[in-house]
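The values are calculated or read from the model by the stated rules, or taken from the named source; none is laboratory data. The structure displayed is predicted, hence computed values, not measured ones. Note that each Cβ is placed from the backbone with ideal geometry, even for glycine, and that neighbours are counted across all protein chains shown. SASA here: full protein model, heavy atoms, side chains in, ligands and nucleic acids out. Shrake-Rupley method; radii C 1.70, N 1.55, O 1.52, S 1.80 Å.
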Amino acid sequence: MHETSARAWCTGKTQRNRVEREESESEAKVDGETASDSESRVEAVSLPPSADDTPEVLNRALSSLSSRWKNWWVRGILTLAMIAFFFIIIYLGPMVLMMIVMCVQIKCFHEIITIGYNVYHSYDLPWFRTLSWYFLLCVNYFFYGETVTDYFFTLVQREEPLRILSKYHRFISFTLYLTGFCMFVLSLVKKHYRLQFYMFGWTHVTLLIVVTQSHLVIHNLFEGMIWFIVPISCVICNDIMAYMFGFFFGRTPLIKLSPKKTWEGFIGGFFATVVFGLLLSYVMSGYRCFVCPVEYNNDTNSFTVDCEPSGLFRLQEYNIPGVIQSIIGWKTVRMYPFQIHSIALSTFASLIGPFGGFFASGFKRAFKIKDFANTIPGHGGIMDRFDCQYLMATFVNVYIASFIRGPNPSKLVQQFLTLRPDQQLHIFNTLKSHLTDKGMLTAATEDK
C-alpha cells in the first residue's frame, strides 16, 4: 500500500516537472529562441575563411621560403611600411593625427560590427546596421563636441551658431541618443527579442571600447605630442620585440588564448621596451614641438605647439644608488624627469598592454575567426593592430590626470572673460583680498 502510494507520488512529481519544463521552454520560445538554439545557430554561422591577401610581388619574391619565414618577412616589410606611414603623419601635424585617429576608430568599429552582422545576418534583424552606425554618429557628436568646446573655447564664443550649439550641446546629444533608443524599441520583433538585445549590447560595448578610448587618444595629443607618440611607440616596440624574441628564442607557451605567445617573447619585449622608452623620451624631450601642449591660436586660426617647456622637460641631475654606482662607476646622471615617467608608460605597455591583445584573441576564438579583417596582409585588420593601443590610451589619460596635469590658467582666463561684468568684478575683488591677506599684494603695489 505504502509502496504503491509512493510510486504514484513520484510519478506525479515527474509529470509535473516535465510539464513545468515544457511550459518554461515554450515561454522562452515566445520571447525568442532558447539559449541552446541560439548558441547552436551562432556556431553554425561561420565567417568566411581569410584568403591569402599577401601582395603578389611579395609572394613571388618569397616563394622559395618556408611558410614560417615567409610570414616573418611579410610581417617585417609591412611593419616597416606602417612605421614609415606613422612618421609621415607625425610630420603633418596634430590636425592630421586627429583625422587619422577618427579614421582608425571608424574602421575598428566597422570590423567589430561586421563580425556581429555576419554571425547574426541569417536572423534578418531589422535596422541592426543602421542603428549601429547611428549610435556611432551620436557618440562621436557628443565627444567631439565636448573637445571643441574645451579646446576651442574662444572660437566657439566668437561664432554665434557655435556658441548656441555649445550651450545646448549635451541636451542635443541626449536627444539624438534618445531618438536612436526609441528606434531600437520600435524595431523589436517578437521572435527575435533576445537576439536584438544581444546586438544592442554588442553595439554599446563596441562604442565603449573603440569610441571612448579613441577620444582619450585625442585628449592625450592635446597635452603634447610626446604623450601621444611615446605610448604608441612603446606598444609598437613591445609588439615587434616580443615577436622577435619569441620567433628566435620562444620555447615556453605564455597563455592558451594565444598559443604563439611565449614567456621568452614576453620578458624580452619588456626589457627592450623599457630601454626603447628611455631613449625615445630623451630624444623627444629636447624639442618644443613635441613637449608643448597643442593649442589653438585665434589670431592665425591654426594649431600652435610653442611654449616654454615645463620642468618635466628640463635636464636635471639625479644621484645614482650606491649599489649601481659600484657597477657603472657613475655617481650622478643627467636626465629629463619625463624619462622617469616613460618607465611607467613602457612598463604598462609591455606587461599590461598585451592583455588587450589576449582579450581580442579570446573574442576571435569565441567566433572562430583568425583576424578581425584582412586589411593589412600578415597582420589582419586595423583592430588587430590597435587592440593594445586602446588600453594604453586609457592608462595614459588616467596617468596624466593623476600625476601630471594641474590647473590650466589659460582656460580659467577664457572662462573668466565670458562672465558678466558684475561677476568678473566680484572674482577680481575676491582674488585681490586673497592676495593681500597672503602678503603678495601690498598697498604700494596696488597704487603702482
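For region 126-188, the alpha-carbon coordinates run over 44, 15, 13 Å along the three principal axes, in decreasing order.
Tell me, what is the FRET efficiency for S64 and I340 to the nearest 0.05, using R0 = 41 angstrom and their Cβ-Cβ distance as r? Efficiency for this residue pair is about 0.25. Split the accessible area of region 126-188 by element, probe 1.4 Å, and carbon with sulfur accounts for 74%. Accessible surface calculations at 1.4 Å, restricted to protein heavy atoms, place region 126-188 at 60 Å² per residue. In region 126-188, Cα pairs under 8 Å separated by at least six residues give a relative contact order of 52 percent. A cut-off of 5 Å between modelled amide H atoms, ignoring neighbours fewer than 5 places along the same chain, links L254 with K261, T262, W263. Approximating the spin labels as points 7 Å out from Cα along Cα→Cβ, the K368-to-K260 distance works out to 2.1 nm. Treating r as the C-beta distance of S402 and D124 and R0 as 35 Å, the FRET efficiency rounds to 0.15.
Phi angles of region 139-149 translate, via the Karplus equation with coefficients 6.51, -1.76, 1.60 and θ = phi - 60°, into HN-Hα couplings of 5, 5, 4, 5, 5, 5, x, 5, 5, 4, 5 Hz per residue; Gly and Pro are given as x. Between M440 and M82, the distance separating the two model label sites (each 7 Å from Cα on the Cα→Cβ line) works out to 4.9 nm. Taking each residue as 0.36 nm, the span from I89 to T147 lengthens on full extension beyond its C-alpha to C-alpha distance by 18.8 nm.
Computed with every protein chain present, the accessible area of M225 is close to 10 Å² [probe 1.4 Å].
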